[in-house]
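Enquirer: The structure under discussion is supplied below as structure tokens; questions concerning it will follow.
Bear in mind these aren't lab numbers, they're just calculated from the coordinates by the rules spelled out. Since we're looking at a predicted model, the values are computed, not measured. Cβ atoms come from the backbone with ideal geometry, glycine included; neighbour counts cover every protein chain shown.
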């Protein structure tokens with residue numbers, strides 16, 4: 001929970017160095033109908049110029065709706081969209097300096113590649129010679145030189161993606177909105193294409209707001225990422241922030257894998273110098289672990305530990321917390337494998353390079369500094 | 001018992017062998033395979049389309065029925081008689097007018113259905129409903145509506161200022177209205193299909209790239225629903241050119257169309273050769289319309305394999 005303050009202070013620092021191109025203030029969208037659904041719930045954030053900002057979250061968390069509100073296709077129930085200092089909440093989509101890369105790409109089948117890329121410029125009344133020049137430039141950026149007179153249905157999936165991106169880039173918009181444009185690709189291709197998106201984004205200096213459900217890919221390329229849950233922001237931060245300091249159980253679980261179990265903590269100095277069995281009593285944590293806890297206070301919380309932070313050891317006197325269990329299953333991932341260990345605290349996933357057999361009795365060692373402490377009541381109510 | 005079983009088995013086996021051999025033989029001979037697949041439909045086409053039209057063409061070039069000596073007399077009569085030329089011209093004008101009105105109305109209705117209707121299927125049902133009523137009956141109902149003192153006149157009477165009671169029945173307007181009414185549903189269906197099939201995100205993309213609603217329609221919606229429009233044009237143009245019942249029932253003596261002329265030749269004065277030349281004229285018209293529309297690329301006569 002301490003990360004909230006962190007976020008605010010880093011945001012202030014950034015504001016001094018970079019220009020804010022897009023600001024979203026208390027955006028709320030309630031869809032009517034038989035049952036009212038709050039798709040977007042009081043969402044506020046800022047996008048800086050030249051930034052690659054991702055919005056991730058499970059399906060139905062309101063990611064696309066936010067993007068469609070920013071583009072002007074969906075009217076927000078409350079809140080405002082400020083683009084380059086101007087409130088555009090009531091501006092129709094064709095008068096907004098944002099461009100969207102659609103989920104199904106939405107390339108115009110009645111135009112060739114050049115016609116698609118030039119479409120936006122033509123609407124702005126850019127003269128033909130200038131248009132052609134810009135199209136050639138864009139074809140170079142997406143490395144499809146000489147493809148200008150190809151028909152859309154003659155292109156491969158990857159080529160279409162790049163044309164769709166060029167169609168956005170050519171207008172040099174304040175923000176390019178990417179609405180899961182790579183969702184149809186398989187994982188490997190999606191990773192390649194995302195890296196390419198990042199490369200083009202860096203080269204052109206454009207600002208990307210990228211919506212995806214693939215958190216791994218998003219974390220790999222984004223400057224900052226917004227984690228969305230049920231239409232509300234759970235956390236905004238760099239990939240490191242999200243991974244190292246998840247603000248909630250949800251973020252911890254969504255961004256990378258995390259073991260979760262309930263346990264008692266007692267606030268002390270933090271570092272334990274002795275070896276303890278985890279089942280023997282409360283864990284001693286530092287006062288910074290959870291907001292609002294006094295020294296000496298005891299509380300039942302949710303503890304999160306990443307699989308690679310757990311070691312399989314012979315029980316020793318080394319300081320740390322120990323837990324015993326039996327190997328339940330093992331999945332190989334090339335170099336290492338993930339072992340599921342049945343313990344008194346439920347099934348714990350451990351990343352290890354050791355080869356183990358099913359049923360093997362093992363001892364797990366936890367280092368207290370790798371514990372993520374979440375308030376059980378407030379975050380999982 | 002066992003011998004009976006053996007016999008049936010043996011018969012089955014030999015049938016199996018023969019059919020296998022037959023299939024093998026067919027597979028080896030390409031022309032035979034093609035013939036079996038395409039033959040029946042070709043036979044139907046030749047028997048019921050190519051032969052009759054050829055025969056009609058032959059009669060139109062002869063001076064007597066069933067067959068006389070070859071002459072161009074029928075065609076010369078058609079071109080040189082002023083009243084016939086006028087009928088052809090009138091038919092052409094009415095066909096163009098009908099097609100334009102049908103396409104405009106049908107597109108508007110189809111667009112509304114495809115984009116906004118919550119229960120498009122129900123609307124579609126009501127559009128198809130008139131087809132269940134006989135064509136003649138539908139024209140009779142129009143006749144009653146256009147009648148002096150009919151529905152339209154009664155409606156006009158409700159407007160206090162207007163004392164107008166124009167003659168409606170047996171006018172060109174009535175014929176045009178009747179033709180539009182007849183072919184509107186036929187045109188709505190292909191248009192609805194092509195508008196509904198169009199990817200709606202194309203419209204969003206156009207707006208996103210800066211096109212206002214009118215430009216979006218002209219640059220994106222219209223070109224991407226072109227196929228449906230062309231089919232609708234065909235489906236209203238071809239039957240209108242040969243229309244017979246509607247002008248006969250709703251039009252006056254000055255609103256006669258080619259259809260009535262043909263009927264007159266065959267049913268009243270039995271001039272089969274001249275009637276055939278009129279038939280050839282309408283067939284040529286249909287052929288030309290088809291050629292032009294395929295050239296425009298609108299009618300996918302055969303689906304492309306790679307699509």
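Enquirer: Which of B:118, B:207, B:33 ends up with the largest GNM mean-square fluctuation for chain B, with Cα atoms connected below 10 Å?
Expert: B:33
Enquirer: Set the Förster radius R0 to 25 Å, insert the Cβ-Cβ distance between residue A:188 and residue A:338 as r into 1/(1 + (r/R0)^6), and round the FRET efficiency to 0.05. Write out the running numbers ahead of the final one.
Expert: Values: r = 20 Å, r/R0 = 0.81.
Plugging the Cβ-Cβ distance into 1/(1 + (r/R0)^6) gives 0.80.
Enquirer: What nm distance separates the two modelled labels at residue A:91 and residue A:300, each placed 7 Å from Cα along Cα→Cβ?
Expert: Modelled inter-label distance: 5.4 nm.
Enquirer: For every helix of n ≥ 4 consecutive DSSP H residues, a contribution of -39,500 (n - 2.57) applies; sum these over chain B, divide by its total residues, and give [θ] at 222 nm rounded to the nearest 500 deg cm²/dmol. Please report the intermediate quantities before stating the final value.
Expert: Working: 15 runs with 215 residues, N = 307.
That calculation yields -22500 deg cm²/dmol at 222 nm.
Enquirer: Relative to the first principal axis of the alpha-carbon coordinates of chain A, what is the inclination of helix A:3-17, with its axis defined by its Cα atoms, in degrees from 0 to 90 and to the nearest 10?
Expert: Between helix and principal axis, roughly 30 degrees.
Enquirer: Quick one: grab the alpha carbon gyration tensor of the range B:1-152, order the square roots of its eigenvalues as a ≥ b ≥ c, and give me rounded if a/c is under 1.5, else prolate or oblate depending on whether a/b is larger than b/c.
Expert: Working: a/c = 3.12, a/b = 1.53, b/c = 2.04.
Oblate is the answer for the range B:1-152, as a/c is 1.5 or above yet b/c matches or exceeds a/b.
Enquirer: On to the next question. Between residue B:156 and residue B:254, what's the calculated FRET efficiency when r is the beta-carbon distance and R0 is 22 Å? Round to 0.05. It would help to have the intermediate numbers written out before the result.
Expert: Values: r = 24 Å, r/R0 = 1.09.
So the FRET efficiency works out to roughly 0.40.
Enquirer: On C-alpha positions alone, give me the angle between the axis of helix B:30-45 and the longest principal axis of chain B, in degrees, nearest 10.
Expert: The angle comes out near 30 degrees.
Enquirer: When a footprinting reagent is the concern and you count Cβ atoms within 10 Å, what order do A:194, A:331 take, fewest first?
Expert: Details: A:194 24, A:331 9.
Exposure proxy ranking, most exposed first: A:331, A:194.
Enquirer: Now, a different point. I need the Debye-formula profile for the range B:153-307: one equal scatterer per C-alpha, no solvent, reported as log10 I(q)/I(0) at q = 0.10, 0.21 1/Å, two decimals.
Expert: -0.60, -1.25
Enquirer: With springs only between Cα atoms under 10 Å apart, run a GNM on chain B and tell me which of B:50, B:96, B:180 wobbles the most.
Expert: B:50
Enquirer: Taking Cα atoms, how many degrees apart are the long axis of helix A:113-123 and the longest axis of chain A, rounded to 10 and kept between 0 and 90?
Expert: 80 degrees
Enquirer: Further, regarding this structure: Once each part is reduced to its C-alpha centroid, what is the distance from the range B:262-283 to the range B:1-76 in angstrom?
Expert: If you average the Cα positions of each part, the centres end up 32 Å apart.
Enquirer: Looking only at Cα atoms, what is the convex hull volume of the protein assembly as shown per residue, in Å³? Kindly include the intermediate steps, with their values, before the conclusion.
Expert: Numbers: hull volume 238.5 nm³, N = 688.
Roughly 347 Å³ of hull volume per residue.
Enquirer: Name the residues of the range A:337-373 whose amide N is less than 20 Å from a point 7 angstrom out from the Cα of residue A:253 along the C-beta direction?
Expert: Correct set: A:339-351, A:371-373.
Enquirer: Turning to a different aspect of this structure: Can you give me the P(r) profile for the range A:257-379? Cα pairs, bins 10 angstrom wide beginning at 0, each as a whole percent.
Expert: 13, 45, 30, 11, 1
Enquirer: Using a 10 Å cut-off around each Cβ, can you sort B:270, B:192 from fewest to most neighbouring Cβ atoms?
Expert: Details: B:270 10, B:192 26.
In order of increasing Cβ crowding within 10 Å: B:270, B:192.
Enquirer: Okay, moving on. Rank A:275, A:248, A:61 by mean-square fluctuation in a GNM of chain A with C-alpha springs under 10 angstrom and give only the top-ranked residue.
Expert: Taking springs between Cα atoms under 10 Å, the residue moving most is A:275.
Enquirer: Based solely on its DSSP helices, what 222 nm [θ] is calculated for chain A when runs of n ≥ 4 H residues each add -39,500 (n - 2.57) and the sum is averaged over all residues, nearest 500 deg cm²/dmol?
Expert: Numbers: 10 runs with 103 residues, N = 381.
The helix contribution divided over chain A gives -8000 deg cm²/dmol.
Enquirer: Output the relative contact order of chain B, whole-number percent, from Cα pairs under 8 angstrom with separation of 6+ residues. Don't skip to the answer; put the middle values down first.
Expert: Values: 280 pairs, mean separation 73.4, N = 307.
The value is 24 percent.
Enquirer: For A:40, A:47, A:74, what's the fewest-to-most ordering of other Cβ within 10 Å of each Cβ? Working shown, then result.
Expert: On the way: A:40 29, A:47 24, A:74 18.
The fewest-first ordering by Cβ neighbours comes to A:74, A:47, A:40.
Enquirer: If you take the square roots of the eigenvalues of the alpha-carbon gyration tensor of chain B and sort them as a ≥ b ≥ c, do you get rounded (a/c under 1.5), prolate (a/b over b/c) or oblate?
Expert: Judged from the Cα gyration tensor, chain B comes out oblate (a/c at least 1.5, b/c at or above a/b).
Enquirer: For the protein assembly as shown, give me the percentage of DSSP beta bridges that are antiparallel, rounded to the nearest 5 percent. Could you put the intermediate results ahead of the total?
Expert: Values: 58 of 81 bridges.
Of the beta bridges lying entirely in the protein assembly as shown, close to 70 percent run antiparallel.
Enquirer: Given R₀ = 30 Å, FRET efficiency for residue A:31-residue A:240 by Cβ-Cβ distance, to 0.05? Could you put the intermediate results ahead of the total?
Expert: Working: r = 35 Å, r/R0 = 1.17.
FRET efficiency, residue A:31 to residue A:240: 0.30.
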